[in-house]
Every structure is written in structure tokens, then in C-alpha cells.
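A quick write-up on the structure given underneath.
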Amino acid sequence: MQIAIRVPAARVKRLVVPLRQVPVLPLAILLLLVLTALLAPVLAPGSPTEQNLGKRLLPPAWVGGGSWDYPLGTDLFGRDILSRVIYGARISLMISMTAIGVGGLFGILVALPAGYLGGRVDMLLMRAVDVALSIPTILIGIVLAVTLGPSYEAVISVIVLFVWPRYARQVRGETLAIKQRDFIALAKIAGSSRARILIVHIFPNLVPTLLVLSSLQVGAAIIMEATLSFLGVGIPPPAPAWGVMVADGKDLVVSAWWVSLFPGIAILLTVLSLNLLGDWLRDRLDPKLRQV
Amino acid sequence: MGRYILGHIVQAVFTMWIVVTLVFGLVRLAGSPVDILAGELASREQVEALKQRFGLDKPLHVQYGMYLWGILRGDFGESVITREPAMAEVLQRSWASVQLGAVAMVFTLAMALPIGVYAAVYRGRRLDRLASAFGILGQAVPPFWLGILLIWLFAGQLRWLPAAGKSGPASFVMPVIVISWYAVAGIMRLTRSTMLDVLDSEYIKLARIKGLPEHSVIWKHGLKNAAIPVITYGALIFVGLFLVGSVVAETIFTWPGVGRLIILQSVRFRDFPVVQAAVIFICFLYVTVNLFVDILYSYLDPRIRRA
Amino acid sequence: MKRWQVLFSVAGTVMALMLVARSLTPAVVAPKGHLRMALSSLGAAERFLPWADPGCEPFILQRVVYDFLLYSDLDTGELRPGLAERWVAEDGAKAWRFYLRKGVQFQQGYGEMTAEDVKFTFERLISKDSLASWGKPLARDLDRIEIVNPYEIVFRLKKPDVTFPANTVEVRCQVVIVSKKYVESVGEAQAAEKPVGSGPFRLVEHRRRVTARFEASVPHWRKSPGFASMTLYRVEEPAARLAMLRAGEVDVAEIPYKLLKEAEVAGFAFARSKAASVYHIHLGGMINPKNKHFNPNIPWVVNAADPSSAKRALTVRKALNLAVNKQEIVDSIFSGKGEPSIFAFLPPGSVFAPAGLKPYPYDPEQARKLLAEAGYPGGRGFPTVTARLVPFPGRAEQVDVAEAVAGYWEKNLGLKVKREVMDWPALAAKLKVRDEAGIIWAYGTIPRPLGEPLVTMMSWVHSGAMYSAIGEIPEVDRLYEAVMKEVDPEKRKLRYRDLARYIYDNYLVVPIGSVDAQYAVNPKVVDVKKWRLVPGETYIHNYEFIEPVR
Amino acid sequence: MTQPLLQVENLRTYFLSRWGTVKAVDGVSFSVHPGETLGLVGESGCGKSVTCLSILRLVPQPAGKIVGGRVLWEGEDLLKKSEVEMRRIRGGCISMILQDPMTSLNPVFSIGDQVAEGIAIHRRLKGKTLWQKTAEVLGLVRISSAKARLRDYPHQFSGGMRQRVVGAISLACEPRLLIADEPTTSLDVTIQLQYLNLLKEIQRRSGVAMIFVTHDFGIVAKTCDRVAVMYAGRIVEIASVRDLFSRPAHPYTRALLDSIPNLEEQVDRLYSIEGQPPALHSLPPGCAFAPRCPYATRRCDHEYPPEVSLNSGHMALCWRVA
């Protein structure tokens, strides 16, 4: 069965907007980010994990004592900070995209039946969502990571646990709204099965909401991953995760300020452009959707 | 009203049970406090002796049963390391965390609500553009990185504020900023967008028609309506952020709080009773705030109260 | 003996006694000023009874308030008199007789320290409910304790143990002498909170896990404290300790190497303890073949079934050693405060190691040749090594050392190294069952060369030990037991050297460096030159020797 | 004729928007006498509501701005008054009823609070007497057992009841002019009739003047004394109810009357005016209705029509009548 994703006409019109209003800056930064992540091996001057203890804590090139082989200086183990920031983009995007994907999917799988079937199913699932929302997932993640040692799986599972209830609540609200619309009633009258209605009619209408929601959540996921890594319970060393890099320089603020500064700026630019894109999308597609 | 709250209490207890079980299992996944206790130079029988002493040699489900039964009786067990009652140790450390959290919460509301409202009222003017810029930027700056910058600036260069530890009001400034930075940006943007909707509404127009002074129109009629989504949504991110924020702030500024107690000491030493007690305490705090918010929500919005 | 020879020897002894007495009697200078120190820990349970505080963490609080039977010489590490003036081995080191110092008063007027107090302390240490980590092995070896007279006491052991006196040195921390009268009159709970000792300081105020304040208890038989009062702060975060020092909130701060440059930039002086920890990399997997975790195809492991594997394993271990630039690690991670080491557990120049041996050289070229020779040209075919990054309290650099070594092997030998972050309890659980095939981790031993390294080695070298930092190698066990059996101290040194030599020749470990411990000090408050830390020990043992700037 | 209560002269209210300045009210003049009901009629978007809001100087900020004209209330120009003085007039002398009762009441405040608020400000009443007055006013608009329901909330009232509460709020301080901005449009027919009768009865009793904004000629016939027809921000015709229905002068008025469906006639297609209302930010020079006017001449397209007064009180803005 070929599913045609038909975004309702009204919203398509708004999608095709004159170029002038498209947020050029955030899109440019994001494009740059995705490119850096994909072409990391080509772009990065050196390897992100290759150490040379002799050239430890070199300042950035333009500061006295720095050298242009290490434009942004080196860290505690003499690793090139620029290469690590570039590879860091790959980690941040991969982690946050996977987590949002899995979390979102799980949220939708819970929300669609809840929103559509309503009644006891809805009440039960929403109770589960409320419980999930009130569990301090970060705390559980920290205990898990300290006990078993930080790992990619731990970080992703913490973010997924954090994200899915938020998706579920948002998507359920949206499904309820769409369910009341006339074209659903017509579809029922036309005899289409419940699954078909869900997939062909309801889901496409969720796409704008999901689009907006995901763009905002990816930014939050990147910050969460970086925070967990900073606390030493996120991405395990020596992977050049931005959060870990900021943590490396945490105590050397006076004598080696650049170790923490640049990865922080990388996080800032990435999340800023994601948020700007999210806002722009929300204003275009779904103005009433409150900032999640 | 009663049924509404009772439902929430039952759900809160259920959540606590899940968290408690989760943490009970997680902490025991690898390593046991006995190795820490015995130290590097220990001998085999000495480790066994310690195990018996703390009941860690009993099968897991027995330990779990004893543990749950203990909680019901309010006995959270004894810290394996200091052999003080675990909850006493947590409560001693919790005062610093609660203090920090409360000040940060007040700071967030004092900053986010007024700015959000004024940004909505003076829509499009300089204050609004400034507030929106701060809002978007605020949610992009990673709080821990901000903390480091603050330390570099205020403690390192200017030496105005103490770099670490809890000592008098000056030591509150930076940790509070780190905790509430993200929340202020979020709540402010939400307040602004909600307030904009409210100000366009008919009942605001009617309030003005009644001849009410502008401040009463905005702060009485407007704010009470705008507060509802801010409280419900705000609470959602508030409590989550405060937990993460306080752990981060406690780590950067070595604030003697419960967050750090869990990471730095208890879990590293597999001090199961203290970790479990600390998690229960934080979860209890977490769930109570959620409950309080629900009640506040129903007070604010009569449509819910009569449900 | 000629008359003049007798006269001469008597004068000599008197002179020697005089000298010893003078160095021990307090310089007639009154304690002055208030010392504030920020330390990474004040002990695990922070209790003031030795049998109430479990092992592992330093017993900072107890050694401030109590005295020890014996002390260690700051230069040679030899045993020096403390509460015991003389100690004699009898019955082939199966019994040890201690002659106690007269006139040592307990604080708050609890009378003179006698053999009763020593017997009471030891019996409580080895009792059933004692938590002291040193209690159990002592209980196993101790037969009974006899009080000959108030100033003479004999420890009868179940089997000869040459190292017994070494176990009562201040480095052994838990064998402080407690006042029997005080503990029995106020009860253990109270005594654990409000101690009465015979030490140079008495406790004034203690807030668990935060701070402890002491005042000088003068006059003291050994050395009256330099400072009139002292406050210790427990601050786990290194950066916070440095911040407090910089803000003038404390005068001394224990700082890790990472912050050394920051402290130097801020203009602080440093008190150092030479060779405070000796780092080596444990090549995991050389264990008993019958153990289920044994994995024959780990390149550095000897597989009994394959005769050529011994030579291949040795070549690989040699290559692994030559590929690591020890000097660069010491200079970078430890800011040059130390030197490349030759053995595990023993700092360079230790009397228990054969003289004249040099640390393995750094020769990446040769290392690559050896690796190719062993059958892994350019690292191809070499199974992935797992580096466990395990920080210990007070020795967080263990993570950096393992990380650096992994970096060298990746760069110089082309090996693939997976990192695994883990904390001590998780690692301990694995080491107990020898789940270590193919892993490496960096261990920084506190050599405590005082007395003998046997104590440290016993826990880490012998196959029967709880955790292994070398492996289960029959030859090592044989050499180790030879040391245990040798009663004569001089001959025992030779046995130690055989063991060290065997480990050195077979490249059984990857020695890295012997590094100093340091405390950043505010030179305006503390006279750094006069304060000498006990060598080979990361923590502070002699608070009374810290002198204020007069 | 007595002195007019309200005299609006050449009122102009413009809105600044991305597409240019929208001339929502472009030179409106009319007057209202005490006790009289003036109907303001026209398609949506012709400026009816903006005119009312301009009288109370409540034009939505920051886009809207009153750029010209005078609004004389008992001889004084409201546009010159200070904000404080305006506040005394709003609710005190002139008050207004909005269209949608579902959103006119603040959902989070009780009915009693919202009614009492106006009284407290204008009459300085407090405590018991305030509650007494509030219950009395609610009784005025026929809300049964008003005293008991003071504590209730808007969501507990039906649409009709809510509009009565809004009525109570606006009449609480005995205003002399009540502006009703399509108060019955969102009510169903039976409730609509009750509400109109209620307003009529209150007007009879209190003599309050009313401006009744609507697009329903049925209501105009039933409640209004005089009618002003608005188109594209201007009053194109003003006349007594009888003159308007019997002798409509302006083509637009006649077209509006023709498009009222008639029960008796058998028609296959209902008559409706072609074209769309003009864009208020780019009005043609001549008569705004010209493009859609069957009788439009070249002159209508280019020259702005004069205000032609037919007999006393009947004016039309059209070349054809001049």
C-alpha cells in the first residue's frame, strides 16, 4: 500500500514562501553543521584522538605561543581542538537525531492509539505518560552511567526516556483535534479501516507538528547530551563529544581558556540555529503550537 | 476536587515506587561498596566479613524486600561508609540544595514573568526585541558552559564572587544564574506568547471598556489567564531543569548539595543506602512539586476545579 | 676491651642518645597562629576510633589526635621510636617485645599511657565487629598479647612475621594507641566522636564531611605543633580547593597535577613528598589457564600448550614497553614532578630493588620491529586492547596515564585500543574473578617504602591476592614466598631484589613513573622549607611539623 | 431637537500595516440624541466596530491611530481628554456590549467579581453594599437568583445568560450611551429576540441612548430610530428607519435591502451584490461603491460624491441623488 503523504493544501501553500522570509542564517549554519559532520575526515586538519603530549595545552594560533598546525590550540593530551570540534559535530548530531527519532517514534506509537481510540485506552496511556513525565530521568541516567560507566547507549536511552512522553502528550492533543475534523468522519463513512484512517488521514496532518516539535527537541537533546557528557556520565572519552571537551577545560579556565571556549561556542551556534529554524517553522506551519 | 488530588497522589506513589526499584537495581549492576570499604590492601575473608555485616550476601530479592519494608517504616538503612542513617545524611546535604533551588525558582519567576508580560504589552518595541533575542539565545547557551564563563569572569578576573563552595549570599549568585538561565528563557518566551493571545482577547477589551486602569487590565485580568499555561508547562520544564541545573551547578561550584552527594560520593562508593535515600528524597521533592503545581493549576483555572 | 674503648663507647652512646633526644625533645618555641588546610578527604567514616573507621581512605583525623608506637625516618624510611622506645624480635620473630616510653600523658587528664592501653587497642582492632581493614590480617597472625609490666608488652604471633613492627608505623594509620580508661568510661560511641589521645593536637570541633578544628596539645613528648590551632576542610573538587587557596580562605591546598600550572601562575609555593605514587600499567590476562577468563590468544599471554608463545609473549611485552615515552608522560601529566620508574610498586633507588637497572628506553622504531617479529606487523592481527580508565580517590591521574599509554600504542604500534570508563568498585569486582583478559589499566601504588613493600605487594602480586596488578605467575609466587620466609632483614632484601629482577627481565608490567605528591602552600603563612612530608606517602602524616612563618 | 448627546464630526481612524495605511474609518459624522437608538449597518469590514472603538478611544494599539475629526460628548471633545478622564467616561458615561458572549467574560473570575469591578471604580462602593448593588444589577438583566450565583464562573452560564451578564456589566453604572456591537449575532434566534426586548425595556426605563451595530436589517427595523449605512469606512446614507426602508436613496442601501430573502417570492437564485468590498488601503478616488454600483457613471469613478441632504435628517452620499 503506497502511502501518499498529503500535507493539507492550506499548509502547503504556506510552506512555499518567498525566499526573503526563509531564515537564511540558521539554515546556513545548520547546512554547515551537517556538512562538517559528514565530511569530518576531510575537513579536520588532524585526527581528533591522536595525542602528542609534547604539544600539550598549546594556545590558539593567533595567541602568542600558538601554531597554525593547531589553529584552535590543543588540549590536555595535545589533541587538536579544531579537529575534535569538527568530529564533535558528528557525535552531537548522531546522538540527538537517533534519540529524537526513537523517542519521537515511541511517543507517536503511544499517542496515536490514545488520541484516536480515546476512552480507557487513552486514560491508561496518558497516565503512563504522566508517570514517565514525573520520573527524574536525568537522575536515573546519572546513576546508570556512573555504575556501568558512560556509554553511547546510556546517553541515548536517557534522552529517549526524557523525550517520548513530551512527544506523546503533544501528538495526542493534536490527534484529538484532527479526529473531530469532518474529513475523518467522511473517511469513516466511506468505510476505511481504523488503521487506514490513522495512517492515511491522521498521520500526515501530524507531520507539521512533528516537524516543528523535532526541530526544537533536537536542540534540547544536544544540550542534554552535552550536559551529561560534561558531568562525566555521557559520551565516554576519548570520543570528541563537545560536552566532554568543555569538561576537560573546566579546571583550566585561567591558564587554558580555549579548551572549554570553542566546543561551547560550537554547541551554542548549533542549538541557536536549530531553535531559530524551529521557531520559523512553528510560525509558518502551526502558530498555535506552544513552545514545547 | 478531592478525587482529582487523590488520583494524583496515587500516581505520585506509583512513580516513586518505579524510581526506587529502578535505582535499587541500577546501583547494584556493577561493583559493591565492600570493595571500596575494604580498600586496595584487603584480604578475601575481610571482604566476606564486611558483606555479611551489611547484608549484601543475601539474595537480591531478599535485599529488595527488606529495603521496601524498611522504606515503609521510614528506615532507609545506614550509610555503608559512615554508618549514619542514610536519610539523615541526605537531609543534612539537602538543605543546601533546597535553598539553592528555591532561590533559583524565585529568581526565574521574578525575571521571566515580568519581562514576558512587558515584552507582550510593548510588542514590537525595543524591550520586546531584546527579550526575544535573550529568549532564543538563552535556550541555546549550554548552562554548564555559561557557569565556566561566569567563574572565569567574576571569580577569575574581577574577583567579585567566590569561585566555589557555599558561603554567604555572594556564593548564591552564579549557581542560581546557571540553574535558572535555561528556565528563564523558556518561561519568558512562553509568557510572552500566551500574554499576546490573552491581550487580543475579548474579555481584555471588555475590561478596558469597563474603564479599568491599564495595570489592572494587564496584571489582574491578563496575567491570571496567561499564568495557567505558564504554570502547567513551566512546571513541566521547571522541575526537570532544576534537577539537571542543580546537579550541574553543584558540580561546577562544588555546592554541598544532594545532587553532588549522589554523583561524587555515594554512587562512586556504591553506598547503596545513601544513593537510594537521596534518589527517593529528590523524587519525593520532584513529585510533590508536580502535585503542588496541579493543585495550583486547578485553583487558577476554575473550569478544572469544578470537574 | 680496653678501658679507653669502653669509655669511648659509653660517651658515644650518650652522645647518640643526646642527639636522638634533642631531635625529639620539642624546640622550646611556643605554637603560634592558625593553620587552615583544604584536603580531598578527611577519611571514610571520619570516626576517631581506629576500629570504627573502615579501610581505603586516609585516616587524616586519627593521626592528628593520637600517637603511634613507631614512626618513620624522613630520610631513610627506617623505623624510629615513638610511644615504643625499643622493640626486640624474639623466638625467631614469632614474638616481638616493645619497651614503652614513660611519662606520656593522655589529654584531658586521663593519665599515663601504659601497656594496658596498647593491649586494649590491639584487641579491639582484631575483634569481631572491628571495621578496620587492617584488623582481619592482624587477627589471623596474632596469637596473644602479654603485659610484662606497665612499660613492657609482648606480641606473640602464630608464625614468624618479620614485618610486624612495620605494621605499627604511622603510615599504617590504624594502629593508634587509645586510652583504655577514657573509652571504657564514656563508651565507644562518645569516644568515636570526642577522642582523647596523646597526640600533638586535640579535637575542638568536628562537622562530619565538612570540617574539623584542632588546638595544639602542649607540651608533647615528640614535637609540639608549630601552629597553635588548625582547621581541616573536606573539599572533594580540586578546582574548589585551589579557588579557596587563591581567595585566601585556606593556607594549604592538596592539588592534582592538572592544576599545578594554575597554582604556579598564582604564585604559591609547594611542599612535596618524593615518590608518593608509582604508576604502572597492568597487562591483564596472564592468569591461571584453568580460570574461565583465561584467553590464550592475548598476544602478551603465555599459552602453555604452544611452546613458541612464551617467546612471542615476551617480545610483545617488550614492544609494548618500548613504545611508551615515560619521560613525556611524567613531564606532561605530572608536570615533570617525578621520574620514569623501573619497577612496579618500588620507586627508583629503593633498597628492595636491584641497583644499576635503567628504566626501559623509549624506542618506537625498535618497538615496531619487535611487534613485527612477534607476528603483528604494523599492529595488524593484534586483537583490540581494552583500556580501563579507573580514577582512584586522590589519584585521578590514573585515567590520564592509561589514556596516554593507549595513545602511544595507537600512534607508534598501530594497535586498536577501546576505552572503558569504570570506577574502582566495578573494576574491583572484575579483578577479584580475574576478568582481565586483554585489558590494561593504570595503577598508582602508594609505595610506602617504610618498613617493607611486602605489605603492598601481598595484596597485588601473589596469585592468592584479592586483586591482581601483575597476574597469577607461578615463578612470581615462588619468589614472593621466598621473601616471606626469610627472617634476616639483610637476606630478605636480596630476595626482594630477585623478585623485582624477574619482573623487570620478563617485562611483566609497563612501568611508567614514580611521581611526587604536592600541596600548594601560601608562603606568607607556612614556612615551606621546614615542613617535610613523609616520603612515599600521598597523604600528610606529620601535622605537628608544619611550622608558621615566624 | 434637543442638544445631541454625542456629536461625531469627520472622524478618521487609520491602521498602519505591512500593505500600507488602512483607512478603516475615513471621515464619519453622525450624532446621537438622548434616549435615541442609532443603527450602524454595513457589511463586515466597513468600519462599524472601529468607529465605536474610536469613540471610546480603544483603537487596538500599536497599529491603530485616530488621525482626525472630533467626538463631542456633551460639548467636550473626547479625543482631547486625558487618559484618566477617558477612564471615568468608559463604563461611567459610555459603555459597550461585545459580540461573542463566550469570550467577553474572563473565564477565571467569578461573575460577581466582573460585574462588581466596574461599580467599585465608578461608584466607589465597597464590601456589602457593593455586593448588594451587583446582585441588583444582575436582577435588572433578569438573571434569576442573582445573589446565589455571584460566586459562579462564566463556564457555568449559557450563551444567552452570559450576554445578559455582559449587559449587566455595561449598564451597572447607568451610562447615558450604550454601544451594542452586534450583541445578538452569536445567539440563536429565540434568545436573540429575548435579548433585544430586554435592551428595549431597559432603554425605556433608563432613557439610555444606544448605538446598535448590526448587519441584520430585521434587528434594525425592530430596535432603531435612525439608521446610518456604512461602506468602506464612510457613511453613505443616514435616515430615519421609516425613510430608509420606504425610500432608500443610495444604490448600496437599495442593494442591501434587495438581498434580504423574501419568504413569499419564488426565487431560484438569491440576489447578491457582485464583486468584493474594496481594499481599504487602496481606495479609488471617486465613490468607493462605484465599481459594484449598477448606476455608476464616469463621474462616480473620479469624483468623490457630495453629501446630499434630501429632507430633514435624510442624507445620501451619491451623485445620482444630487
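Ranked by Cβ crowding within 10 angstrom, fewest neighbours first, how are B:R189, D:R320 ordered?
Exposure proxy ranking, most exposed first: D:R320, B:R189.
Label-point separation (nm) for B:L137 and C:F270, each offset 7 Å from Cα along Cα-to-Cβ?
4.1 nm
What aspartates and glutamates sit close enough to D:K81 to cross-link, taking a C-alpha to C-alpha distance under 20 Å and skipping anything fewer than 8 places away on the same chain?
Once the sequence-local aspartates and glutamates are set aside, what remains near D:K81 is B:E214, D:E9.
What share of Cα pairs, in percent, lie more than 26 angstrom apart in the range C:116-249? Intermediate values should be presented prior to the final figure.
Working: 3439 of 8911 pairs.
Counting every Cα pair in the range C:116-249, those more than 26 Å apart make up 39 percent.
Determine which aspartates and glutamates satisfy two conditions relative to C:K290: a Cα distance under 20 Å, and not lying fewer than 8 residues away in the same chain.
Qualifying aspartates and glutamates at Cα under 20 Å: C:D306, C:D435, C:E436, C:E472, C:E475, C:D477.
Lysine pairs in the range B:86-306 8 or more apart or on different chains: how many have alpha carbons under 28 angstrom apart? Show your work: numbers first, answer last.
Numbers: B:K205/B:K220; B:K205/B:K224; B:K210/B:K220; B:K210/B:K224.
Step by step, the pairs that qualify in the range B:86-306 add up to 4.
Which trypsin sites (Lys or Arg not before Pro) does the range A:163-221 hold that lie in a coil by DSSP with at most 16 other beta carbons within 10 Å? Let's see the in-between values first.
Values: sites: A:R166, A:R169, A:R172, A:K179, A:R181, A:K188, A:R194, A:R196; in loops: A:R181.
Passing sites in the range A:163-221 are A:R181.
Spelling out what I want: for every residue of the range A:90-100, take phi, set θ = phi - 60°, compute 6.51 cos²θ - 1.76 cosθ + 1.60 (Karplus), and round to whole Hz; glycine and proline get x.
Listing the rounded values in order: 4, 5, 4, 5, 4, 4, 5, 4, 4, 4, 5 Hz.
Using the Cα centre of the range A:39-291 as the reference point, and only Cβ charges (+1 on K/R, -1 on D/E), how large is the resulting charge dipole? Debye, rounded to the nearest 20.
960 debye
Treating cross-link reach as a plain straight distance, find the lysines whose alpha-carbon is under 22 Å from the alpha-carbon of C:K274, omitting any fewer than eight places away in the same chain.
Of all the lysines, those that pass the test against C:K274 - Cα under 22 Å, at least 8 places apart if same chain - are C:K258, C:K261, C:K326, C:K337, C:K358, C:K493, C:K529, C:K530.
Based only on Cα atoms, what mean projected area does the convex hull of chain C have, in nm²?
Details: hull surface 110.2 nm².
Computed as one quarter of the Cα hull surface, the answer is 27.5 nm².
Enter the mean number of other protein chain beta carbons within 10 Å of the beta carbon of each residue in B:158-171, as an integer. Could the numbers behind the result be given before it?
Numbers: counts 0, 2, 0, 1, 5, 9, 10, 10, 0, 3, 0, 0, 0, 0.
Whole-number average of other-chain Cβ neighbours for B:158-171 is 3.
What residue among A:N275, A:N205, A:N52 has the largest mean-square fluctuation in a Gaussian network model of chain A, using Cα springs under 10 Å?
A:N52
Under the rule of -39500 (n - 2.57) per DSSP H run of 4 or more residues, summed and divided by the residues of the protein assembly as shown, what mean residue ellipticity at 222 nm is obtained, to the nearest 500 deg cm²/dmol? Provide the component values of the computation, followed by the final result.
Working: 51 runs with 673 residues, N = 1471.
That calculation yields -14500 deg cm²/dmol at 222 nm.
Taking the beta-carbon count within 10 Å as an exposure proxy, list A:K55, C:K485, B:K205 from fewest neighbours to most. Don't skip to the answer; put the middle values down first.
Numbers: A:K55 17, C:K485 10, B:K205 21.
The most exposed by this proxy come first: C:K485, A:K55, B:K205.
Of A:S157, A:S193, A:S229, which has the largest mean-square fluctuation in a 10 Å C-alpha GNM of chain A?
Checking each option, the largest mean-square fluctuation is seen for A:S193.
Rounded to the nearest 5, what % of DSSP beta bridges with both residues in the protein assembly as shown are antiparallel?
Details: 89 of 125 bridges.
Rounded to the nearest five, the antiparallel share is 70 percent.
Within 10 Å of each Cβ in C:155-167, how many Cβ atoms from other chains are there, averaged over the peptide? Mind showing how you got there, number by number?
Details: counts 0, 0, 0, 0, 0, 0, 0, 0, 0, 0, 0, 0, 0.
If you average over the peptide's residues, the count of other-chain Cβ atoms is 0.
Going toward the positive end of the dipole of chain D, with +1 on Lys and Arg Cβ and -1 on Asp and Glu Cβ, which of D:T253, D:L6, D:G313 do you reach last?
Ranked along the dipole, the leading option is D:L6.
Any idea what the dipole of chain D comes to, in debye rounded to 20, about its Cα centre with Lys/Arg Cβ at +1 and Asp/Glu Cβ at -1? Display every interim value, and only then the final one.
Values: 38 positive and 31 negative charges, 219 e Å.
My answer is approximately 1060 debye.
Treating each Cα of chain D as an identical point scatterer and ignoring solvent, apply the Debye formula and state log10 I(q)/I(0) at q = 0.11 Å⁻¹.
For the requested q values the scattering log ratios are -0.74.
Take the alpha-carbon centre of the range C:327-358, take the same for the range D:19-83, and report the distance between them in whole Å.
Centre-to-centre distance over Cα atoms comes out at 93 Å.
Which of B:E250, D:E74, C:E472 has the fewest other C-beta atoms within 10 Å, and how do the rest follow up to the most? Before the final figure, lay out each step's value.
Details: B:E250 28, D:E74 12, C:E472 20.
The order, fewest Cβ neighbours first, is D:E74, C:E472, B:E250.
Rounded, prolate or oblate, given the Cα gyration tensor of the range C:37-119, with a/c below 1.5 counting as rounded?
On the way: a/c = 1.81, a/b = 1.40, b/c = 1.29.
Prolate.
The numbers here are math on the coordinates, done by the rules we state, and not lab data. Not measured: the values here are computed from a predicted model. We place every Cβ from the backbone using ideal geometry, glycine too, and count neighbours over all the protein chains shown.
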